[in-house]
1. Provide Arg95, Arg61 in ascending order of the number of other Cβ atoms located within 10 Å of each residue's Cβ, fewest first.
2. In nm, give the distance between the simple-model label positions of Thr77 and Asp55, each being 7 Å from the Cα along the Cα-to-Cβ direction.
3. Putting +1 on Lys and Arg Cβ atoms and -1 on Asp and Glu Cβ atoms, find which of Ala53, Thr85, Ala43 reaches farthest to the positive end of the dipole of segment 38-137.
4. Where both residues lie in segment 38-137, what percent of DSSP beta bridges are antiparallel, nearest 5?
5. Counting Lys and Arg as +1 and Asp and Glu as -1, each charge on the Cβ, what is the dipole of segment 38-137 about the Cα centre in debye, to the nearest 20?
Amino acid sequence: MKAFARLVLVAAVAGPLGACGPRVLPNNMGAPVRANPHFISLAEIQNSGESTAYDVVQSLRPLWLNKRGAQSIQFDTDILVYLGTAQIGALPSLRQIPAATIASMEFLDAKAANYRFGMGHPNGAIVLSTEFPVEQQK
């Protein structure tokens with residue numbers, strides 16, 4: 001009887017804790033795949049049903065829209081947006097980009113953004129890719 005009580009206690013505690021983990025998405029084989037918190041795939045973009053790149057980020061990875069670095073009046077920068085290696089602006093520029101034209105999106109923290117694009121990314125960067133897989137281009 002004590003073993004049963006322990007089992008019930010473990011189930012009662014472990015059940016709610018399981019809901020705190022990362023998002024799990026089904027893949028095409030039916031097996032669950034954990035969503036990468038720093039990457040939005042083509043499948044996620046298409047399944048989101050959103051019309052702009054900003055709306056995709058807001059619905060799937062809203063934490064990307066929060067400034068994280070040290071803030072000051074003298075050096076107030078936004079999260080920068082890149083299309084490949086070309087800077088296209090700050091977060092508001094995502095509202096001008098149709099979601100259907102984006103193949104994937106990646107968030108770089110300040111350290112990774114400064115390494116890839118040079119200094120001046122205290123809040124990180126969002127990198128868009130428009131390179132669709134070959135089977136998608138047909």
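1. Numbers: Arg95 12, Arg61 20.
Neighbour counts put them in this order, fewest first: Arg95, Arg61.
2. Result: 3.0 nm between the two label points.
3. Of the options given, the answer is Thr85.
4. Values: 12 of 16 bridges.
The answer is about 75 percent antiparallel.
5. 300 debye
Throughout, read-outs are computed from the coordinates displayed, never taken from laboratory work. In this text the structure is predicted, and so the values were computed from the model without any measurement. Methodologically, a virtual Cβ is constructed for each residue, glycine included, from the backbone with ideal geometry; neighbour enumeration extends over all protein chains shown.
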